[in-house]
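As structure tokens, the structure follows; a few thoughts come after it.
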There are 2 protein chains.
Amino acid sequence: MTIAATPAPPYYAVIFTSTRTAGDNGYESMAQAMFDLATQQPEFLGFESAREEIGVTVSYWDSPEAISAWQKNSSHLVAQQRGREEWYQTFKVRVCRVERDYAFQKD
Amino acid sequence: MTIAATPAPPYYAVIFTSTRTAGDNGYESMAQAMFDLATQQPEFLGFESAREEIGVTVSYWDSPEAISAWQKNSSHLVAQQRGREEWYQTFKVRVCRVERDYAFQKD
């Protein structure tokens with residue numbers, strides 16, 4: 001996992017913040033499968049994720065239409081359903097337009 | 001750390017993604033101090049953060065002007081300088097407009 005190499009703004013971000021239920025229950029393998037599938041979608045730009053008390057996952061996309069298409073992807077819909085039934089205690093999804101960005105790299 | 005209780009969109013998000021240098025070097029106490037100071041700023045809405053291989057921290061604000069004011073806060077400028085010198089190997093800051101959101105809460 002590294003910082004996503006996104007293009008110059010504007011582009012779009014989906015911030016997915018969550019708390020998990022207890023136990024794995026197939027979560028880790030599905031999370032990996034959904035990551036692999038997302039990277040194959042049109043206009044997918046990158047992914048950043050970490051989990052401690054809460055999980056914060058951000059995916060980056062070229063357009064809101066690409067985000068809507070991914071949210072309606074049939075395999076992703078199955079994963080979303082299992083997420084609500086088994087894996088997540090609570091989550092919030094925020095769809096954002098990235099308006100400016102800057103980066104730092106240590107020498 | 002919980003999922004931030006943000007208002008109805010539109011509002012603004014700053015996604016700060018980073019990789020750390022080795023050792024604490026005062027990082028944790030400064031991170032807590034900056035969290036405490038951010039919560040006192042005008043138009044601050046909330047904060048979400050987790051770190052594994054990378055750190056993903058999102059702060060939420062009512063306006064881009066509030067974000068600019070926080071980025072120029074004198075105590076925060078000192079912390080940003082130490083961040084570049086000591087704490088971060090690399091980081092990226094993305095300023096975003098949150099256009100829509102939705103939430104799930106398990107029964």
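Bear in mind that the values in this text are calculations on the coordinates, not laboratory data. A quick note: this is a predicted structure, and the numbers were derived from the prediction, not measured. Neighbour counts run over all protein chains shown; Cβ positions are idealised from the backbone, glycine included.
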Original post:
Since residue B:3 meets every condition but one in (1) within 16 Å of residue A:17 (Cβ to Cβ); (2) in a strand (DSSP E or B), which condition does it not meet?
Top reply: (2)
**OP:** Filter region B:60-92 down to the residues that are touching a Ser or Thr at 6+ places or on another chain (Cβ under 8 Å) and not in a helix (DSSP H, G or I), then identify the one that is farthest from the other protein chains (Cβ to nearest Cβ).
**Re:** B:60
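A quick yes/no check of all residues on (1) in contact with a Cys (Cβ under 7 Å, 6 or more places away or on another chain); (2) within 16 Å of residue B:95 (Cα to Cα); (3) of a type in the set (D, E, K, R):
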position: A:5; (1), (2), (3): no, yes, no
position: A:17; (1), (2), (3): no, no, no
position: A:30; (1), (2), (3): no, no, no
position: A:35; (1), (2), (3): no, no, no
position: A:45; (1), (2), (3): no, no, no
position: A:55; (1), (2), (3): no, no, no
position: A:90; (1), (2), (3): no, no, no
position: A:101; (1), (2), (3): no, yes, yes
position: A:107; (1), (2), (3): no, no, yes
Subject >> Residue within region A:21-38 that is in contact (Cβ under 8 Å) with a residue 60 or more places away in the chain, on the phi < 0 side of the Ramachandran plot and not basic (Lys, Arg) present >> reply: yes
Subject >> Residue in region B:1-23 that is nearest to residue A:100 (Cα to Cα), counting only those that are surrounded by fewer than 13 Cβ atoms within 10 Å (Cβ to Cβ), more than 9 Å from chain A (Cβ to nearest Cβ) and of a type outside the set (A, V, I, L, M, F, W, C) >> reply: B:7
Original post:
Of A:56, A:98, which residue is at the interface with chain B (Cβ under 7 Å from one of its Cβ atoms), over 26 Å from residue B:105 (Cα atoms), crowded, with 18+ Cβ neighbours inside 10 Å and in contact (Cβ under 8 Å) with a residue 12 or more places away in the chain?
Top reply: A:98
**OP:** Go through region A:80-92 and give me each residue that's of a type outside the set (S, T, N, Q) and surrounded by fewer than 18 Cβ atoms within 10 Å (Cβ to Cβ).
**Re:** A:82, A:84, A:85, A:86
**OP:** Considering only residues that are among the hydroxyl-bearing types (Ser, Thr, Tyr) and in contact with a strand residue (DSSP E or B) (Cβ under 8 Å, 6 or more places away or on another chain), look in region B:37-87 and name the one that is farthest from residue B:2 (Cα to Cα).
**Re:** B:63
**OP:** Would you check if residue A:46 is among the small types (Gly, Ala, Ser) and within 9 Å of chain B (Cβ to nearest Cβ)?
**Re:** no
